[in-house]
1. For Ser89, work out the one condition from (1) crowded, with 18+ Cβ neighbours inside 10 Å; (2) within 22 Å of Gln19 (Cβ to Cβ); (3) out of contact with any strand residue (DSSP E or B) (no Cβ under 7 Å at 6 or more places or on another chain) it doesn't fulfil.
2. Can you tell me which residues in the stretch 24-51 are open to solvent by less than 60 Å² (accessible area, probe 1.4 Å) and either within 23 Å of the chain's Cα centre (by Cα) or of a type in the set (Gly, Ala, Ser) (or both)?
3. So the check is Cβ under 8 Å with 6+ separation or different chains; which pairs have a first residue in the stretch 69-98 that's in a helix (DSSP H, G or I) and a second one that's among the acidic types (Asp, Glu)?
4. Give Ala271, Ala209, Ala201 a once-over and let me know the one that is under 17 Å from Ser89 (Cα atoms), at pLDDT 95 or above and small (Gly, Ala, Ser).
5. Looking at the stretch 135-148, which of its residues are open to solvent by less than 60 Å² (accessible area, probe 1.4 Å) and either in contact with a helix residue (DSSP H, G or I) (Cβ under 6 Å, 6 or more places away or on another chain) or outside any helix (DSSP H, G or I) (or both)?
6. Check Thr124, Thr99, Thr128 and return the single one that is among the β-branched types (Val, Ile, Thr), under 20 Å from Val36 (Cβ atoms), in contact with a strand residue (DSSP E or B) (Cβ under 7 Å, 6 or more places away or on another chain) and open to solvent by 10 Å² or more (accessible area, probe 1.4 Å).
7. Tally up the residues in the stretch 198-227 that are without any contact (Cβ under 8 Å) to a residue 40 or more places away in the chain and open to solvent by 20 Å² or more (accessible area, probe 1.4 Å), please.
8. Quick one: which residue in Met113, Met72 is of a type outside the set (Phe, Trp, Tyr), surrounded by 15 or more Cβ atoms within 10 Å (Cβ to Cβ) and under 13 Å from Leu137 (Cβ atoms)?
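The values are calculated or read from the model by the stated rules, or taken from the named source; none is laboratory data. Predicted model, so just to flag it, every value in this text is computed and none were measured. No Cβ is skipped: glycine too gets one built from the backbone with ideal geometry, and neighbour counts run over all protein chains shown. Accessible surface areas use protein heavy atoms only, side chains included; no ligands, DNA or RNA. Shrake-Rupley method; radii C 1.70, N 1.55, O 1.52, S 1.80 Å.
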Amino acid sequence: MIGIAVLLAATLNTARIEQLTGLKGKLDEKEAAFKVSYPRNDIGATAAGVKLTPALGLTAWASFSGGGARTMVMGDVVLTEDQVNPALSAALDNGLQVTALHNHFFWDSPRVMFMHIGGMGDETKMATAVGKVFAVLKEKGEVPEADIDPARSTLDPARLDAAFGKKGEYKDGVYKITWGRSTREHGRTLGNTMGVNTWAALAGSDDKAVVDGDFAMLESELQDVLKALRHAGIHIVAIHSHMSGEQPRILFLHYWGVRPAEELAKGVLSAIKETKAGT
């Protein structure tokens with residue numbers, strides 16, 4: 001007698017998934033899931049002198065379950081730093097969610113990052129999206145370098161105040177602006193001073209500046225914030241939690257960008273408007 005899991009797995013067109021992702025997969029009949037993998041033999045990374053191999057954690061993968069219009073996908077994409085944001089944009093622009101971005105190692109060279117993806121929808125669309133994300137692993141991205149020293153900053157803080165629509169602080173060549181959020185943990189309200197905040201710091205000149213900062217967001221706000229920042233040409237460098245057990249749950253996103261100062265401000269503000277901090 002054929003088990004329910006096997007019947008469910010049979011609704012997945014595994015050959016089609018392999019074709020669209022460009023990867024070979026394996027069906028787990030017990031879990032009714034089909035997993036495709038991409039061993040990163042090409043990175044040549046080491047961690048504290050240890051050669052990292054696919055079996056030591058350098059295998060990217062995506063797993064599919066369901067089938068048809070209700071196909072679910074989850075995955076973990078192994079990326080070099082320059083590949084992160086092209087892969088992140090490929091995921092967001094093709095209907096996938098990006099749910100975490102972080103490192104798995106210390107002292108690795110080149111640095112390796114891990115991007116977790118998920119999605120629910122039509123099997124063809126999900127597999128096509130995964131294929132576009134994994135295609136980035138064969139490419140080399142650009143590094144947004146800039147010769148900027150805060151000690152030589154010439155930013156006009158008044159122009160940035162106008163761009164953000166609120167007043168920031170300019171000190172030691174760095175302009176910083178903050179938006180507070182709040183949540184509750186252990187029966188207490190946590191706010192701006194306890195670290196529940198979104199902030200941006202800029203240095204450089206009006207024509208060429210760097211911005212880095214941190215977004216504090218509800219889970220429901222994450223995908224729109226990611227899209228707004230990427231569409232503004234701002235790079236995402238980490239997505240993770242800072243607390244545990246808080247209600248509502250707050251996720252944090254760290255970012256970096258090099259562009260004209262007002263463009264950076266407008267890009268950050270466009271993402272702020274996707275959060276309750278922007279209301």
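1. Every listed condition holds for Ser89 apart from (2).
2. If we filter the stretch 24-51 for residues that are open to solvent by less than 60 Å² (accessible area, probe 1.4 Å), which is where we start, we get 25, 32-34, 36-38, 40, 43-47.
Residues satisfying the conditions are Gly25, Ala32, Ala33, Val36, Ser37, Tyr38, Arg40, Ile43, Gly44, Ala45, Ala47.
3. Ala69/Asp122; Ala69/Glu123; Asp82/Glu142; Gln83/Glu139; Pro86/Glu139
4. That would be Ala271, the only listed residue that is under 17 Å from Ser89 (Cα atoms), at pLDDT 95 or above and small (Gly, Ala, Ser).
5. Filtering the stretch 135-148 down to residues open to solvent by less than 60 Å² (accessible area, probe 1.4 Å) leaves 135-137, 141, 144, 146, 148.
Of everything in the stretch 135-148, those that are open to solvent by less than 60 Å² (accessible area, probe 1.4 Å) and either in contact with a helix residue (DSSP H, G or I) (Cβ under 6 Å, 6 or more places away or on another chain) or outside any helix (DSSP H, G or I) (or both) turn out to be Val136, Gly141, Pro144, Ala146, Ile148.
6. Details: Thr124 fails: in contact with a strand residue (DSSP E or B) (Cβ under 7 Å, 6 or more places away or on another chain); Thr128 fails: in contact with a strand residue (DSSP E or B) (Cβ under 7 Å, 6 or more places away or on another chain).
None of the other options fit; the residue is Thr99.
7. From the stretch 198-227, those without any contact (Cβ under 8 Å) to a residue 40 or more places away in the chain are 199, 201, 219-220; that's our starting set.
With open to solvent by 20 Å² or more (accessible area, probe 1.4 Å) added as a condition, the list becomes 199, 219-220.
Going through the stretch 198-227 one residue at a time, the tally reaches 3.
8. Values: Met72 fails: under 13 Å from Leu137 (Cβ atoms).
Of the residues listed, the single one that is of a type outside the set (Phe, Trp, Tyr), surrounded by 15 or more Cβ atoms within 10 Å (Cβ to Cβ) and under 13 Å from Leu137 (Cβ atoms) is Met113.
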